[in-house]
Amino acid sequence: MWIFTQHGLLSIVENTNDQKTLLVRARQSHHITDNFKSYLPQYLPKYSPERDYHWRSVIPREIVAKRLSEIILEINYPNFKNSIDKELKSVYGEVWGVAMRLQHQNFARSTLVNFDGLE
């Protein structure tokens, strides 16, 4: 799962060595530390230059779920793009643009969805 927050981009996946934990990965260490400040230093990211995401932390599922819930409850902006810093804005803007193309490419298909029987 990719998560885009005001504090950075996270990739969160199952830890195949321990199903009670998740692997929280990032391109920059501060994306993990800024998002999980209140849970440091216990879950400081470790540097793994041989991996796709160089920075990673193994964090219990419950802690990740709690922190993501807190991040949602901390939302205090009417426009996400205007709430992030310059470093993130250009990257997030590119992702936004790709998603917009996806929206336009699939417009016809998405408008033909049958909603009969949905509550």
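So here's what we get for this one:
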{"quantity": "Total formal charge among the other residues, if their Cβ is under 14 angstrom from that of Glu87, Lys/Arg +1 and Asp/Glu -1", "calculated": "+1"}
{"quantity": "Sequence ranges 95-103, 30-38, ranked by mean other-Cβ count within 10 angstrom, highest first", "calculated": "30-38, 95-103"}
{"quantity": "Proximal lysines to Lys86, defined as alpha-carbon separation beneath 22 angstrom and excluding residues fewer than eight positions away on the same chain", "calculated": "Lys37"}
{"quantity": "Under 14 Å, Cβ to Cβ, from Glu70 - net charge with Lys/Arg +1 and Asp/Glu -1", "calculated": "0"}
{"quantity": "Helix 86-105 vs. the chain, principal-axis angle (Cα, 0 to 90°, nearest 10)", "calculated": "30 degrees"}
{"quantity": "Cα gyration tensor category, rounded, prolate or oblate, for segment 31-98 with a/c compared to 1.5", "calculated": "oblate"}
{"quantity": "Order by protection proxy (mean Cβ within 10 Å, highest first), peptides 77-86, 1-10, 61-70", "calculated": "1-10, 61-70, 77-86"}
{"quantity": "Length-normalised contact order of the chain in % [C-alpha pairs under 8 Å, at least 6 apart]", "calculated": "20 percent"}
{"quantity": "Volume per residue of the C-alpha convex hull in the chain, rounded to whole Å³", "calculated": "177 Å³"}
{"quantity": "Local electrostatic count, Leu44, Cβ distance below 14 Å [Lys/Arg +1, Asp/Glu -1]", "calculated": "+3"}
{"quantity": "C-alpha long axis of helix 61-73 to longest principal axis of the chain, angle in °", "calculated": "60 degrees"}
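We did not get these values from a lab; they are worked out from the coordinates using the rules stated. Please read all numbers here as calculations on a predicted model, not as lab measurements. A quick note on method: Cβ atoms are made from the backbone with ideal geometry, for glycine too, and the neighbour counts reach across all protein chains shown.
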